[in-house]
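The values are calculated or read from the model by the stated rules, or taken from the named source; none is laboratory data. Remember, it's a predicted structure, so these values are computed and weren't measured experimentally. Virtual Cβ from ideal backbone geometry, glycine too; neighbours counted across all protein chains shown.
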Amino acid sequence: MAAALLLCVSQVSVTALAADTVYVDCDVLRCRSTAEINDTNIVTNLYYGEKLQRVGTEGEWTVVLVDGKNRYVSTQYLSETAPAGKAAGNGGSSGSGSSFGAGAGGNAGGSSAASSGSTGAGSGTAGTLQSGSQIGLSSAYQYAEFSKINSGKASLYQSTAANRKGKTVCVNAGHGTSGGSSVKTLCHPDGSPKVTGGTTGAGATTAVAVSAGMTFADGTAESKVTLAMAKILKDKLLAEGYDVLMIRESDDVQLDNVARTVIANNNADCHIALHWDSTSTDKGAFYMSVPSNASYRAMEPVASHWQQHNQLGECLVAGLRGAGVKIFSGGSMEMDLTQTSYSTIPSIDIELGDKASSHSDATLSIQADGLVAGIDAFFGF
């Protein structure tokens, strides 16, 4: 049987076509090095209306030339005619994320929308908010059924820098969901109990959907600071050539931690949640590492991704250290988080200090520089 299956697979071949033009007909389309869906073969993202040279087909995949190389995209998200644009804000539906689906090609998008050319929140110096790129939680996404608060939308920004990286970074401003503390979600998709403490204690099987966060010594809510940091980081990433998926851009987004993670899984190449710790010692920055617990590391999707999570955390801490940011202890603390428990892309909670730490614009800018350096190192730029 195995030999027969191998023979069948080997007989699938690319059908060569006379080169012609096709267009991307979804907000964001994953471009892959091989004709299969996995976490390691994504080369870049393609955007609505982009013109591509089609050179062949392979099953449900179309072979296109990208930077002179044969690449694979899902045929169902291509059009042979240039797709019509939409006015800004018209893309997507008002439902719970039905405008964006994972798709057979592992897309990071679904509905058609043209670039509006308008700058996003913050300075918007090197990016544009894609018209219609308000990304909600699609019921087609893996683990979407575990979310309880999911009527909000994330926003996708495309870099206009000359040195575009072809990578999308999800920037998640921690907290900021009204009513999130009164709703609970499963800590793990398999229903098993937490293996460490935290906002929710070890042994619990459910946790608050989104905690309210702490308050800094000067009376500022953590959610305000994480949002300010997210906007600064967004602008620096766009200028560096990264596309950015912003989970939250206002004081309240109705997306729980599961929804935030699942949206990131399907629309970004890595996921960085911004937080400050609840201690009051100005302890410095660190990342929440994956607990060295055998049963936890054996649970999917943790089993397939925990090493990537920790690698991303190490790179971020190294970048912060290089920028002169104070680092707590060895730079990490083991924690069983909802985010990590549902993540299928490199994903980390970075704690940038605590209640006693400075959160001035100057401090946040330095920290953002360190995070960008860490992201560059992680992706090998």
Taking into account only those residues within the stretch 164-186 that are in a loop (DSSP other than H, G, I, E, B) and hydroxyl-bearing (Ser, Thr, Tyr), which is farthest from residue 248 (Cα to Cα)? 178
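Going residue by residue through the stretch 290-311, is there one that turns out to be outside any loop (DSSP other than H, G, I, E, B), under 21 Å from residue 45 (Cβ atoms) and either of a type outside the set (Val, Ile, Thr) or not assigned by TED's automatic domain parsing to the domain that holds residue 184 (or both)? Quick ask: steps written out before the conclusion?
Of the residues in the stretch 290-311, the ones outside any loop (DSSP other than H, G, I, E, B) are 294-298, 302-311.
From the residues that got through so far, the ones that are under 21 Å from residue 45 (Cβ atoms) too are 305, 308.
Now drop any that are not either of a type outside the set (Val, Ile, Thr) or not assigned by TED's automatic domain parsing to the domain that holds residue 184 (or both), which leaves 305, 308.
Yes, because at least one residue in the stretch 290-311 is outside any loop (DSSP other than H, G, I, E, B), under 21 Å from residue 45 (Cβ atoms) and either of a type outside the set (Val, Ile, Thr) or not assigned by TED's automatic domain parsing to the domain that holds residue 184 (or both).
Scan the stretch 255-273 for residues that are touching a strand residue (DSSP E or B) at 6+ places or on another chain (Cβ under 8 Å), β-branched (Val, Ile, Thr) and closer than 16 Å to residue 207 by Cβ and jot them down. If you could, list the steps in order and put the result at the bottom.
Let us first name the residues in the stretch 255-273 that are touching a strand residue (DSSP E or B) at 6+ places or on another chain (Cβ under 8 Å), namely 255-261, 263-265, 267-273.
Add one more test, that the residue is β-branched (Val, Ile, Thr), and what stays is 258, 261, 263, 272.
Answer for the stretch 255-273, where residues must be touching a strand residue (DSSP E or B) at 6+ places or on another chain (Cβ under 8 Å), β-branched (Val, Ile, Thr) and closer than 16 Å to residue 207 by Cβ: 258, 261.
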Note on residue 189: of the conditions (1) at pLDDT 95 or above; (2) not in a loop (DSSP other than H, G, I, E, B), unmet is (2)
Search the stretch 360-381 for residues that are closer than 12 Å to residue 350 by Cβ and pair each with any residue that is charged (D, E, K, R) and buried (at least 17 other Cβ atoms within 10 Å of the Cβ) when their beta-carbon atoms are under 6 Å apart and the residues are at least 6 apart or on different chains. 368/236
Against the definition (surrounded by fewer than 22 Cβ atoms within 10 Å (Cβ to Cβ), basic (Lys, Arg) and free of Cβ contacts under 8 Å to residues at least 40 places away in the same chain), how does residue 321 come out, yes or no? no
In the stretch 228-237, what residues are touching a residue at least 60 places away in the same chain (Cβ under 8 Å) and over 10 Å from residue 372 (Cα atoms)? 228, 229, 231, 232, 235
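If you scan the stretch 343-358, which residues turn out to be under 25 Å from residue 282 (Cα atoms) and surrounded by 21 or more Cβ atoms within 10 Å (Cβ to Cβ)? Even if it seems obvious, please write down each step before you answer.
Taking the stretch 343-358 and keeping what is under 25 Å from residue 282 (Cα atoms), we get 347-358.
Across the stretch 343-358, the qualifying residues are 347, 348, 349, 350, 351, 352, 353, 354, 357.
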Let me spell it out: the conditions are (1) assigned to a loop (DSSP other than H, G, I, E, B); (2) within 17 Å of the chain's Cα centre (by Cα); (3) hydrophobic (A, V, I, L, M, F, W, C), and residue 204 meets all of them except one. Which number is the exception? (2)
